[in-house]
Every structure is written in structure tokens, then in C-alpha cells.
Amino acid sequence: MIREKDDGRKRGLYSFGSPYVTDTVGKYQRELALLLSESPLRIYKSGEILFDQGDIGNRFYFIKKGKVMATMSNQHGAVKIVAIHASNSFIGDTALGQHSHYATGVTLQESEVHVIENSHFESCVKRHPKVAFLVIESLLRKACNAALQLEDLSLRNAKQRVAHVLIELSNEIGRETDGGVEIEEKMTHEILAGLTGLARPTLTGVLNDLERSNVIIKKNRLIIIIDEKKLSHILD
DNA sequence: GCATTAATATGAT
DNA sequence: ATCATATTAATGC
């Protein structure tokens, strides 16, 4: 079986993005200001729903402060977390046009969110075409996130999924310390299980296993990666 | 190998 | 003290 490409890079380690999204604005700060100028800011309490899976979207959202997750669930109450969006990212934008939302948007904490009407977005783009690129950037992130998770869910086992999400999190919100790379957000096992599509006890078991083999250290709800090599090795 | 369920333990407020 | 979260064990697919 072919494991490496001609240039030696590993397969399956495409690394644009993570299910934890911190910022997709980048160089489009001016365009963001134009888009938000007529988009009211709303405060949502923790656990509030911005939009529901299946609803037709007439508006999308920009998270100024706080956290909003996208979840998919079935009739039996099983829940998959598609992504967690932090400050400076859009959510609900995949329903632009006449499409319905493929996920539900729920706040994880009290959040300040700009509500952007699709009609406003369209007229804004007509006046300032570059505004489209701002949103395209966000949509790209979602496309890549979906592809990465497709790979995880179809091709990887529990341990590999956990290793992968830890690598993604360390790329997105990791901080180098003397002890290793610390993931700078507290994550409950429930959230990590939701992100990896695993049952919570399974997730707990894998994390404990990784700690026993000196790959990570757990501190209340923080995770420090002390052996990045071993962690990425789990994926090959 | 992993999900589900339940029982128990630990931690946060 | 109470509620949320984490761990561990038992069982089944």
C-alpha cells in the first residue's frame, strides 16, 4: 500500500482548518466593516439557538464575541458537533441562496453576534464586490472541515480520530510552553466526543490511554501535548 | 472495536 | 450541598 507521496509528504494530512474555528477574516477587515455596518448586534444567552437544522436561511451570523457550535442530530437524540465557532468567524453562511441549514447553530456561552440579512449581503456585494471574498473564505473553511471530517469518520478509528482532533486543535489554538503544546481552551469530554463522533466513555478511554503512554497531560479540562511526534504517528 | 447503560467518583460553584 | 463532568464496569452488536 502506498503510504507516502513522491516528495515524502504523508497522505491524508491536509491541514487547512479544524473543527474549532477562530478567525476567517484575515486580510478582509475593510470588507468586514462594510458588511457589518448595517447588521445589528444581538446578545444571545448560553444555549440559545440561532438557526435550526433544516430551516431556510434568510440571514447568517458573524460572531463578535463568544462561541457558537454547529450540530447535526437525528430523531433519537444522537448529536454530532460539526464545528465550534469562536470570535471573528461566520456561521450559517452555507444557507446563503435558497438553501436550508444542514446544522443547528447553538451558543455555547453568552455571545455577541451580528445578524446579517442575505439581502443586505447581496446589495453589499453589488456595491463592494470584494465583500464576496470575505464570505468565500469562510465557506472554504467549512468545505475543508467537512472533507476532513469525512475522512475521519469513514477511514479512522477512535484513537486516530482523537489524535487528529488534538493536532487540529493544537494548530488552531495551541500555545507552545516548556512542558509542550497547550490547547488554550477548556474542553469537556462531551465536546470532544461530539467533535470526534465517539461515545463519551470511549473518548475518556482514549484520552487516558494517551496520558498513560506519555503523549498528553490532562489538567482539569486543559490538554497539553507533550509528544507531538507520537501523536502524529498514530495517524499513519 | 466500539456503543450503550448504569453505577460511582470527582470537581465546580 | 448540589449539579456537572469524568471514570470505570458490564453487556451487546
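The values are calculated or read from the model by the stated rules, or taken from the named source; none is laboratory data. Just so we're clear, the structure is a prediction, and the values are computed from it rather than from any experiment. Don't worry about glycine lacking a Cβ; one is built from the backbone with ideal geometry, like all the others, and counts go over all protein chains shown.
Values computed for the structure shown
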read-out: Among (1) more than 17 Å from A:Thr22 (Cα to Cα); (2) without any contact (Cβ under 8 Å) to a residue 40 or more places away in the chain; (3) part of a strand (DSSP E or B) - the single one A:Gly97 does not satisfy; value: (3)
read-out: Selected residue (only one of A:Leu155, A:Leu207, A:Leu222 is among the aliphatic types (A, V, I, L, M) and surrounded by 15 or more Cβ atoms within 10 Å (Cβ to Cβ)); value: A:Leu207
read-out: Among the candidates A:Leu166, A:Leu139, A:Leu192, A:Leu207, residue that is within 13 Å of DNA strand B (Cβ to nearest atom) and touching a residue at least 40 places away in the same chain (Cβ under 8 Å); value: A:Leu207
read-out: Out of A:Leu231, A:Leu148, A:Leu195, sole residue that is within 15 Å of DNA strand C (Cβ to nearest atom), in a helix (DSSP H, G or I) and either within 14 Å of the chain's Cα centre (by Cα) or buried (at least 20 other Cβ atoms within 10 Å of the Cβ) (or both); value: A:Leu195
read-out: Some residue of region A:1-16 being modelled with pLDDT of 95 or more and outside any loop (DSSP other than H, G, I, E, B); value: no
read-out: Residues being in a loop (DSSP other than H, G, I, E, B) and closer than 25 Å to A:His128 by Cα - total across region A:23-46; value: 10
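Here is a yes/no grid of residues against (1) crowded, with 21+ Cβ neighbours inside 10 Å; (2) within 16 Å of DNA strand C (Cβ to nearest atom):
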position: A:Gln160; (1), (2): no, no
position: A:Leu166; (1), (2): yes, yes
position: A:Ser170; (1), (2): yes, no
position: A:Gly180; (1), (2): no, no
position: A:His189; (1), (2): no, yes
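Yes/no matrix, rows are residues, columns are (1) under 23 Å from A:Asp23 (Cβ atoms); (2) among the basic types (Lys, Arg); (3) in contact with an Asp or Glu (Cβ under 7 Å, 6 or more places away or on another chain):
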{"position": "A:Leu148", "(1), (2), (3)": "yes, no, no"}
{"position": "A:Thr177", "(1), (2), (3)": "yes, no, no"}
{"position": "A:Gly180", "(1), (2), (3)": "no, no, no"}
{"position": "A:Ile191", "(1), (2), (3)": "yes, no, no"}
{"position": "A:Leu222", "(1), (2), (3)": "yes, no, yes"}
